[in-house]
Amino acid sequence: MALADCPSPPLDCSQASMGEAIGAIVRGRRRLDAQLVRFVGRIHLRNGQESLTIGGVSTDDLPETFHVTTEEQLRAVSNLTRHRIMAVLRFEPATITQIAQRVGLAKGSSSYHVRLLERAGLVKVVRTRKVRGVTERYYAMAARSIELPDPGPGQPDVLLRNAVADLEASPADGERHVRMAHLRLTDEQLTELGARLQALADEYRALSDPSLPDASLVFALFRPAQRRQVEGDAQ
């Protein structure tokens, strides 16, 4: 995860530096993939498989991308708890009870958040089964990846906000790689670096195995606002 040129833990970045990292992201692919933090819908396949059947539903039957276009959908993915529920569903379907256990929620809260995600079209029931006369519903992501609109001027970046929250909640003694680098690049170099970062993330996503521990990757490559402009706006 590349955000800051300071050791972690603890993060020694100033709030201003972190704010710069969160405040903007290079325009282009803004997708929620399983290991891209842009996290969420991508199903990882083993041994070069091109498709996978999970819970009776082949990934071939899933749309490639779900485009978030409404306020209801944006509110659904912006919530940190619902972001973590979608992360649980990225590899396999789960019931309300299973989701509650994995996210650390009360069953009632889990049901509430899943219903909002289902209403927004982000998750769906993929199978049911009877257990002691009660119908259990298994939920899964509605698409392989989710694409968000770019945030408006001055609006928070949902992807990075949730990624930073997950970073701060990760085990303090776990392995972390956090860095922020201030660069001077031509437009061509910026584009090339963005493409290389995307390719590297895709390479390791292809190597991911659902049986292995989770790892999250987030990167933001952008041109920050000019200082003179910011100071002028403040005056």
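The values are calculated or read from the model by the stated rules, or taken from the named source; none is laboratory data. The model shown is predicted, which means the values in this text are computed figures rather than measured ones. Positions of Cβ are backbone-derived with ideal geometry, glycine not excepted, and every protein chain shown enters the neighbour counts. The area values use the complete protein model at the heavy-atom level, side chains included, leaving out ligands, DNA and RNA. Shrake-Rupley method; radii C 1.70, N 1.55, O 1.52, S 1.80 Å.
Each residue of the stretch 83-96 was assigned a 3J(HN,Hα) from its phi angle through the Karplus curve 6.51 cos²θ - 1.76 cosθ + 1.60 (θ = phi - 60°); the sequence is 4, 6, 5, 5, 5, 5, 8, 5, 9, 7, x, 8, 7, 4 Hz, with glycine and proline shown as x.
Estimated at the nearest 10 Å², the accessible area of T97 is 50 Å² with a 1.4 Å probe. Cβ under 13 Å from E118's Cβ, E118 left aside: what net charge do those residues give with Lys, Arg +1 and Asp, Glu -1? That sum, taken over residues with Cβ under 13 Å, equals +4.
For E147, the residues 5 or more places off, or on other chains, whose built amide H falls under 5 Å of its own are L32, F66, H67, V68.
Backbone geometry of the stretch 139-150 corresponds, through the Karplus equation with coefficients 6.51, -1.76 and 1.60 at θ = phi - 60°, to 3J(HN,Hα) couplings of 9, 9, 5, 7, 7, 6, 8, 10, 10, 9, x, 5 Hz, x marking Gly and Pro.
For a test of the definition: using alpha carbon positions, the gyration tensor, and the 1.5 limit on a/c, classify the stretch 85-132 as rounded, prolate or oblate.
Details: a/c = 1.27, a/b = 1.04, b/c = 1.22.
The shape class here is rounded.
In angstrom, the C-alpha Rg and Dmax of the stretch 119-224 are 19.0, 65.
Taking all protein chains as shown and a probe of 1.4 angstrom, R129 keeps an accessible surface of around 120 Å².
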